[in-house]
1. Take Ala616 and tell me if it is farther than 25 Å from Val287 by Cα, touching a Phe, Trp or Tyr at 6+ places or on another chain (Cβ under 6 Å) and at pLDDT 80 or above.
2. Just wondering, is there one or more residues in region 287-304 that are at pLDDT below 65 and at positive phi?
3. Would you pick out the residues in region 215-250 that are among the aliphatic types (A, V, I, L, M) and over 30 Å from the mean Cα position of the chain (by Cα)?
4. Is it the case, given these coordinates, that Ser530 is surrounded by 14 or more Cβ atoms within 10 Å (Cβ to Cβ), touching a Lys or Arg at 6+ places or on another chain (Cβ under 9 Å) and hydroxyl-bearing (Ser, Thr, Tyr)?
5. What are the residues in region 563-580 that are in contact with a Gly (Cβ under 9 Å, 6 or more places away or on another chain) and either surrounded by fewer than 17 Cβ atoms within 10 Å (Cβ to Cβ) or part of a loop (DSSP other than H, G, I, E, B) (or both), if any?
6. Considering Leu628, Leu596, which residue is closer than 18 Å to Asp656 by Cβ and assigned by TED's automatic domain parsing to the domain that holds Ala410?
7. Looking at Ala120, Ala68, Ala141 in this structure, which one is in a helix (DSSP H, G or I), modelled with pLDDT of 65 or more and either among the hydrophobic types (A, V, I, L, M, F, W, C) or farther than 29 Å from Val31 by Cα (or both)?
8. Only residues that are without any contact (Cβ under 8 Å) to a residue 24 or more places away in the chain and over 49 Å from the mean Cα position of the chain (by Cα): list them for region 417-459, please.
Amino acid sequence: MITTEKFRIRGMDCAEEVNAIKGTVGKLPGVTALDFNLIDGTITVRFDAGQVNETSILDAVRRAGLEAEAVDETCPPGMCAVEEGWWRRRGRAFMCWTSGIFVLTGFITHALLHGSLLHALVGGEGISHHSFPLPVILFYAAAVLAGAWFVAPKALLAFRRFRADMNLLMTIAVIGAMVIGQWFEAGTVAFLFAFSLLLESWSVGRARRAIRSLVNLTPPTARYICPHDGDIMDRPVAEVPLGATVLVRPGERIPLDGTVTKGRTSVNQAPITGESVPVAKEPGSEVFAGTINEDGAIEFKATKPAADTTLARIIRMVEQAQSRRAPVEQWVEKFARYYTPAMIAVAFLVAVVPPLFGGQWIRWFYEALVMLVIACPCALVISTPVSIVAALTAAAKAGVLIKGGAFLEAAGRVTVFALDKTGTLTKGHPEVQEIVLLNGHTQAELLARAAALEIHSEHPLAAAVLRKAQAEKVLPLVAQDFRILKGRGAEAMIDGRLFWLGSHRLLHEKGVEEAEIHAHAERLEDAGHSLIIVGSDRHVCGLISVADTIRPEAPALVRQLKAAGVRHVAMLTGDNQGTADAVARAVGIDEVRAELLPEDKMKAIQEIAQQHGPVAMVGDGVNDAPALATATIGIAMGTAGTDAAIETADIALMSDDLARLPWLIRHARRSLRIIRQNIVFALAVKAAFMILALLQVATLWMAIAADMGASLLVIFNALRLLRFDEKLDKS
């Protein structure tokens, strides 16, 4: 039986540990797939339970020099963490700083014994002292031991597997330095490498904490009302039963998803939707875990368990997004796979070839060690996943759920947007736009008669008329002998007279279309409005035009998309051509495709992609599912609490704020720009030190300091993306 289990790996901070696990767990009989999440520190293993079990997987992880534990995926994200001891949390830092203290002590001791800081700095190179005093050697050896405490076991495993990694490179460099008597540099390299690993672990931890900060949005307990005796009980959110009535006071965070049953308030939904303005809540309104109750006390019925709230799904999807790696991330990993062995070969040639032509063996051996140090690829490898998780987390905080690095990169490359009309560019429900009064009727009279005829209908146009009548405080008259005119309208007796209501077609059938009526009808239909004509047995009483209202921010959306680098914006709709053209003119759309069925939208996406390049499709995530799946990236609008939309799209906007679309493009492009900067910078530093090594200028401690500095700079450059979540352009 094929099964899937997730394991948390302690100490998995770089691609080297990933490769080690691939070499042990990946080779177990029955293991069919491994899915790594470097930032979350987990692997998901797909295996045949008849051939391999959990114990053998844990043993295989231990053979890779790491420790693992099974993850209980039924727990709400972040609420089932295992408490770690002091050594697991602080051991790496303790040994790193111990190594640094021993290096400093050895250096000071050497300076005091020889009376010169220069002697201590350069050891025996070119100066009268060609050996280190024994106390100094012991201090530097202790520094090497402490610095290599977590490195040497992994290096030994890499050596046994005949697969070079950065741990093996550093170990060879340190041993080589000690062999040729460069004790100061051996101790310094061991300390600086331990320090770089500590920084790497910190940077990955920083990215992990950015995700975990989402977890902290949900309070650990909920205050719910016991159904038996009405007592108020505090319980962990995971123990609150479905259907329980939960009490939330002003200023508290809402602990679970649910529906308000009592009370009125406003709720800050920014943690879920990114909306800056609190949303009014009343009985029947939905509330989401992690949002903040602002004004009044409310009671709500819990509709989802803690492990399945909207916030829990967002956290889970951000974590799972790491497994959907961007092409640039895959390229970096593939490059590093061939780069490390190639650099070992180059270092070997540097150590052997120049001495064959008269060079000094020790000097060129030393430069080969420098090359091994600078060859360490971790600055290159770690910067990309840190950049991506920082970008994904910032987007989640801004109400944009991106389901993987691949979709982030795709968003940064698209230059064409296809937008659904209804619910995206428009508000998604029709409203009365204009009332034309004829033959002496008042607006109240016309609305009262129209409402009397429409009250029996569930059509969206009828609902718009009834909302207008309610807004104007007009009560519907009583209609008798009501009769539907199929496909055309309806008629009934009102106050003893026959009144009818219907479309332009019904007007033609009754033969009462005069020049004035025709002019009004043509003007409104050209503007994309649907007509409701009200008449009696004597004459036409008036016209009511209904249309889906364009979002006020829609024209600015198109301008901002083009300012962000989008070249072509298309609109796809199932509505009639006239209505679609009117909306397109008002908004500034480049291309309109109207009267489309769902399968027609899918074909339209394919055609647009062939003509203009990669396409981002924006829709509601349900009706537009075929088009969303066909586009380069599918973006679902306004999806807070909508399970189907979150599951369908590659990117989900947790509110209806259109400003997040151009923000998404700018954010994705900025992320790609930072990743490219990191790759170029890391490779440039390495290339520069290769040249310096060949010129016999670079030293071991300079190489490790440069590599550490490069790692630090690319990591901090990547983490800048975490501060980009508030920059939403509202212009």
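1. yes
2. Within region 287-304, none of the residues are at pLDDT below 65 and at positive phi.
3. Taking region 215-250 first, the residues among the aliphatic types (A, V, I, L, M) are 215, 217, 222, 225, 232-233, 237-238, 240, 242, 244, 246-248.
Answer for region 215-250, where residues must be among the aliphatic types (A, V, I, L, M) and over 30 Å from the mean Cα position of the chain (by Cα): Ile225, Ile232, Met233, Ala244, Val246, Leu247.
4. Criteria not met by Ser530.
5. Selection gives Arg567, Asp575, Asn576, Gly578.
6. So the residue among Leu628, Leu596 that is closer than 18 Å to Asp656 by Cβ and assigned by TED's automatic domain parsing to the domain that holds Ala410 is Leu628.
7. That would be Ala141, the only listed residue that is in a helix (DSSP H, G or I), modelled with pLDDT of 65 or more and either among the hydrophobic types (A, V, I, L, M, F, W, C) or farther than 29 Å from Val31 by Cα (or both).
8. Correct list: Gly440, Thr442.
The values are calculated or read from the model by the stated rules, or taken from the named source; none is laboratory data. Computed from a predicted model, the values in this text were never measured in an experiment. Note that we place each Cβ from the backbone using ideal geometry, even for glycine, and neighbour counts take in every protein chain shown.
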